[in-house]
Amino acid sequence: MAKVIGSVVSTQKDPSLIGRKLMIVQPIDSDGKPVRSEEVAADTVGAGIGEFVLLVRGAGARKATSKYDVKNDVNDCSIVGIIDSFDK
Amino acid sequence: MAKVIGSVVSTQKDPSLIGRKLMIVQPIDSDGKPVRSEEVAADTVGAGIGEFVLLVRGAGARKATSKYDVKNDVNDCSIVGIIDSFDK
Amino acid sequence: MAKVIGSVVSTQKDPSLIGRKLMIVQPIDSDGKPVRSEEVAADTVGAGIGEFVLLVRGAGARKATSKYDVKNDVNDCSIVGIIDSFDK
Amino acid sequence: MAKVIGSVVSTQKDPSLIGRKLMIVQPIDSDGKPVRSEEVAADTVGAGIGEFVLLVRGAGARKATSKYDVKNDVNDCSIVGIIDSFDK
Amino acid sequence: MAKVIGSVVSTQKDPSLIGRKLMIVQPIDSDGKPVRSEEVAADTVGAGIGEFVLLVRGAGARKATSKYDVKNDVNDCSIVGIIDSFDK
């Protein structure tokens, strides 16, 4: 779980990252409190600043950004869902 | 090891996550004490709120949720067992 | 490195975990002092309570538990050696 | 996200690392503050000392350094972009 | 980055670990200060006690120890270089 807090601009980067929205995300707990340090995640669901999102890392992240061309995709962290609510 | 403490609702998400029960889990030690921060895990064994469960991450998590179609599954954390007891 | 401190019983679990000895392990340093939080690891070398062991995670863990059928094995942490001594 | 703070020289190393610029990087948050401990990352975009960069780990790192020969590449951390700005 | 501080002896272990030098390593920063907890890493470059080394984890570690037979190699942490100097 994380909160989208901004984005990074990077012109000099791996070709596979071109055209991707690279968001700054702050991992959170289900009360919205920050846990661990910020990360950069490629957005795949149209998440906006301030929204709570689902993150995946590693090969799962590449499957989200490159449905069919994971072979050359260097990405290792993706936003794969926007959280509507936490039910506890 | 973790304790199930709730679930998240997410309508805008990767297609591979549709139909999955996405649970909020609190990693614990064998005394039930919380360790590290909460995570979201896809349930594969019918775990309920308050139950202690076994978690796996990465490719193992995808093998649990997508027996036969891991190729497009973005999931990276799954509940794969309900703990009956800790024997120490 | 870890110390075996117990085991977990789980009847409702992923089929690939059936028949496995799921041990509770406490990661340690080479002085035997606890570091980080406890984990569950599948035993593959007959480790007993109180023994110091070698752990591997991820795909390496599946190679240890499922020599020939990693395809359906959800496991992501295995005991792969019993430590006789730490030489420093 | 990380800041490049130096480089390491290593003559006795795995063949797949020969010819690579191995940089010392300090993970940071989006305010440039250090978070977690330093790491070594293979540069793939010409990053210099003092620049803020994007890091990827695991298989993604190998895809960045060995576009076509990941099979023998042992690398597990790569610099894959130079950050121009953090927009929050 | 890590410092080699010793080795472990393990006779009862996964076959793929037989014949490997299993070293105790202390992760460090570029000032040689300890960071995080100790780990066990398979040596692939002839590193000795007291030397600063490059570590890789996961599949990269297996590519270093089993150039041609990663299929059965359970290893998930390898020493892949001896650090001559840190340039900052």
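Only residues that are farther than 25 Å from A:THR44 by Cα and either within 13 Å of chain A (Cβ to nearest Cβ) or among the charged types (D, E, K, R) (or both): list them for the range B:7-47, please.
Scanning the range B:7-47 gives B:GLN26, B:PRO27, B:ASP29, B:ASP31, B:LYS33, B:PRO34, B:VAL35, B:ARG36.
Which one of B:VAL53, B:VAL74 is at the interface with chain C (Cβ under 9 Å from one of its Cβ atoms), among the hydrophobic types (A, V, I, L, M, F, W, C) and either assigned to a loop (DSSP other than H, G, I, E, B) or buried (at least 24 other Cβ atoms within 10 Å of the Cβ) (or both)?
B:VAL53 is the lone residue from the list that is at the interface with chain C (Cβ under 9 Å from one of its Cβ atoms), among the hydrophobic types (A, V, I, L, M, F, W, C) and either assigned to a loop (DSSP other than H, G, I, E, B) or buried (at least 24 other Cβ atoms within 10 Å of the Cβ) (or both).
Do you know which residues across the range E:1-14 are of a type outside the set (Ser, Thr, Tyr), assigned to a loop (DSSP other than H, G, I, E, B) and within 20 Å of E:SER66 (Cα to Cα)?
E:ASP14, the sole residue that qualifies.
Inside the range D:10-20, can you point out the residues that are among the small types (Gly, Ala, Ser) and surrounded by 16 or more Cβ atoms within 10 Å (Cβ to Cβ)?
If the condition is that a residue be among the small types (Gly, Ala, Ser) and surrounded by 16 or more Cβ atoms within 10 Å (Cβ to Cβ), then D:SER10, D:SER16 are the ones that fit.
Could you tell me which of the residues C:PRO15, C:PRO34 is over 17 Å from E:LYS13 (Cβ atoms) and in contact with a strand residue (DSSP E or B) (Cβ under 6 Å, 6 or more places away or on another chain)?
One residue alone meets the criteria, C:PRO34.
Mind listing whichever residues of the range D:78-88 are touching a residue at least 40 places away in the same chain (Cβ under 8 Å) and either farther than 23 Å from E:LYS88 by Cα or more than 9 Å from chain A (Cβ to nearest Cβ) (or both)?
Listed by number, the residues that qualify are D:ILE79, D:PHE86, D:LYS88.
Consider the range E:21-36. How many of its residues are buried (at least 16 other Cβ atoms within 10 Å of the Cβ) and under 21 Å from C:ASP29 (Cα atoms)?
So the count comes out to 8.
What single numbered condition from (1) more than 11 Å from chain D (Cβ to nearest Cβ); (2) of a type in the set (A, V, I, L, M, F, W, C); (3) within 17 Å of B:GLN12 (Cα to Cα) fails to hold for A:ALA61?
Against the list (1) more than 11 Å from chain D (Cβ to nearest Cβ); (2) of a type in the set (A, V, I, L, M, F, W, C); (3) within 17 Å of B:GLN12 (Cα to Cα), A:ALA61 comes up short only on (1).
Looking at the range B:15-23, can you tell me whether even one residue there is part of a strand (DSSP E or B), among the basic types (Lys, Arg), at pLDDT 95 or above and closer than 19 Å to A:ASP84 by Cβ?
Checking the range B:15-23: not a single residue is part of a strand (DSSP E or B), among the basic types (Lys, Arg), at pLDDT 95 or above and closer than 19 Å to A:ASP84 by Cβ.
Does any residue of the range E:79-88 turn out to be crowded, with 21+ Cβ neighbours inside 10 Å and under 21 Å from C:ALA59 (Cβ atoms)?
Yes, that holds for at least one residue.
Quick check on the range C:31-41. Is at least one of its residues at pLDDT 95 or above, under 23 Å from A:ALA59 (Cα atoms), part of a loop (DSSP other than H, G, I, E, B) and not small (Gly, Ala, Ser)?
Scanning the range C:31-41 turns up no residue that is at pLDDT 95 or above, under 23 Å from A:ALA59 (Cα atoms), part of a loop (DSSP other than H, G, I, E, B) and not small (Gly, Ala, Ser).
Across the range E:56-71, which residue is nearest to D:ASP69 (Cα to Cα) among those that are of a type in the set (Lys, Arg) and part of a helix (DSSP H, G or I)?
Filtering first and then ranking leaves E:LYS63.
The values are calculated or read from the model by the stated rules, or taken from the named source; none is laboratory data. Please read these numbers as outputs of a predicted model, since none were measured by experiment. We place every Cβ from the backbone using ideal geometry, glycine too, and count neighbours over all the protein chains shown.
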